[in-house]
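J.: Sharing a structure with you now.
The values are calculated or read from the model by the stated rules, or taken from the named source; none is laboratory data. Treat the numbers as computed from the prediction; the structure is a model and nothing was measured. Don't worry about glycine lacking a Cβ; one is built from the backbone with ideal geometry, like all the others, and counts go over all protein chains shown. For the accessible areas, the whole protein counts, side chains as well, though only heavy atoms, and no ligand, DNA or RNA atoms are used. Shrake-Rupley method; radii C 1.70, N 1.55, O 1.52, S 1.80 Å.
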Amino acid sequence: LAAPGSQGRIKELGGQHSEWLTATAPGARPLLLRDGMAKLIPAGAKLVFQMHYTPNGTAQSDRSYLGVKFADPKTVKREIAVQHSGTHDFLIPAQAGNHPVESSYTFEQDALLMSVSPHMHLRGKDFVYKLVYADGKEETILDVPQYDFGWQTTYILAEPKRIPKGTKMECLAHFDNSTGNLNNPDPTVDVRYGPQTWEEMCY
């Protein structure tokens, strides 16, 4: 989302510090919110689309679109926001078969956790989300032992989970940059963060 009359992005919507409206990827489902929940698009805001294309040798056409269902403000009781626990600061060595990358996010206010969406590229191997509460208690909320770039799904909690302010979400991902990974574009090179499929992400 871009602020009215600006070229930059909005960093704060409704006090939730969110700029991400929605996204899709192979295997992803559409964002469907429960009754009484909605995302805020301020009057005059612009929708900014970021498209990731990879050439395949022939000309292609694109028919991407966004469908929006407008909510009656009188029925909205909770605002939905997207936060991310990610990092750009990593290097996956050539031939590394189980390279760890960590990131974290600390909740700045009480919240309800609705879903989590691990995102890596072709070298992604596994992904674990863990909550660390202020009293030191730890709880694993999602463990994806075999990440598949072809099925980038959002894991929706059966019931929203109450998260107290100050709770830390710790994420641990592993990457397989070895010849044993049949999806690996080139196991002979070190890999860093980047938007292209042959590079890597950790969100």
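J.: Would you rank 87, 179, 106 by solvent-accessible area, highest first, keeping every protein chain in place and using a 1.4 Å probe?
T.: Correct descending sequence by accessible area is 179, 106, 87.
J.: Roughly how many percent of the accessible protein surface of the chain is carbon and sulfur, given a 1.4 Å probe and a whole-percent answer?
T.: Carbon and sulfur: 52 percent of the exposed surface of the chain.
J.: Report the accessible area of residue 169, computed with a 1.4 Å probe over the heavy atoms of all protein chains in place, in Å² rounded to the nearest 10.
T.: Approximately 10 Å² of residue 169 is accessible to the 1.4 Å probe.
J.: Let me ask something else. As an exercise, take the mean of 1/r over every pair of distinct alpha carbons in the chain, invert it, and state the Kirkwood radius in angstroms.
T.: Mean inverse Cα-Cα distance, inverted, gives 18.9 Å.
J.: Taking a probe of 1.4 Å, how large is the accessible area per residue of the chain, in Å²?
T.: 66 Å²
J.: Under a 1.4 angstrom probe, counting protein chains only, how are 41, 92, 141 ranked by accessible area, largest first?
T.: If we order 41, 92, 141 from most to least accessible, we get 41, 141, 92.
J.: Which shape class, rounded, prolate or oblate, goes with the range 91-149 when its Cα gyration tensor gives a ≥ b ≥ c as root eigenvalues, a/c under 1.5 marks rounded, and past that a/b bigger than b/c marks prolate? Write down the numbers at each step before the final one.
T.: On the way: a/c = 2.43, a/b = 1.96, b/c = 1.24.
Here the range 91-149 falls in the prolate category.
J.: Highest GNM mean-square fluctuation, the chain, Cα pairs closer than 10 Å: which of 73, 93, 118?
T.: Per the Cα network of the chain with a 10 Å cutoff, 73 tops the list.
J.: From largest accessible area down, sort 64, 85; use a 1.4 Å probe on the protein chains.
T.: In descending accessible area the options line up as 64, 85.
J.: Grab the eigenvalues of the alpha-carbon gyration tensor for the range 101-194, scale each by 5, take roots, and send me the semi-axes largest first in whole angstrom.
T.: Equivalent ellipsoid of the range 101-194: 29, 14, 10 Å, largest first.
J.: How high is the relative contact order of the chain, given as a whole-number percent (alpha carbon pairs under 8 Å, six or more residues apart)?
T.: Details: 376 pairs, mean separation 53.0, N = 203.
This gives 26 percent for the chain.
J.: With the cut-off at 1.5 for a/c, could you classify the range 163-203 from its C-alpha gyration tensor as rounded, prolate or oblate?
T.: It is prolate, given that a/c is not under 1.5 and a/b is the larger ratio.
J.: Continuing with this model, one more query. What's the FRET efficiency of residue 182 with residue 60 using the Cβ-Cβ distance as r and R₀ = 25 Å, to the nearest 0.05?
T.: The formula returns an efficiency of 0.50 here.
J.: Could I ask something else about it? Computed over the Cα atoms of the range 24-139, what is the ratio Rg over Rh, Rh following Kirkwood?
T.: The Rg/Rh ratio comes out at 1.00.
J.: Also: Which ³J(HN,Hα) values, rounded to whole Hz and listed in residue order, are derived for the range 105-115 from phi using the Karplus coefficients 6.51, -1.76 and 1.60 in 6.51 cos²θ - 1.76 cosθ + 1.60 with θ = phi - 60°, glycine and proline given as x?
T.: For the range 105-115, the Karplus curve yields 9, 9, 5, 8, 7, 4, 8, 10, 7, 9, 6 Hz.
J.: With θ taken as phi - 60° and the coefficients 6.51, -1.76 and 1.60, list the Karplus ³J(HN,Hα) couplings across the range 42-58 in order, rounded to whole Hz; mark glycine and proline as x.
T.: Calculated HN-Hα couplings, in order: x, 4, x, 5, 9, 8, 10, 9, 10, 10, 10, 10, 10, x, 10, x, 10 Hz.
J.: Moving to a separate point now. Calculate the FRET efficiency for residue 43 and residue 72 from the Cβ-Cβ distance with a Förster distance of 25 Å, rounded to the nearest 0.05.
T.: My answer for the efficiency is 0.95.
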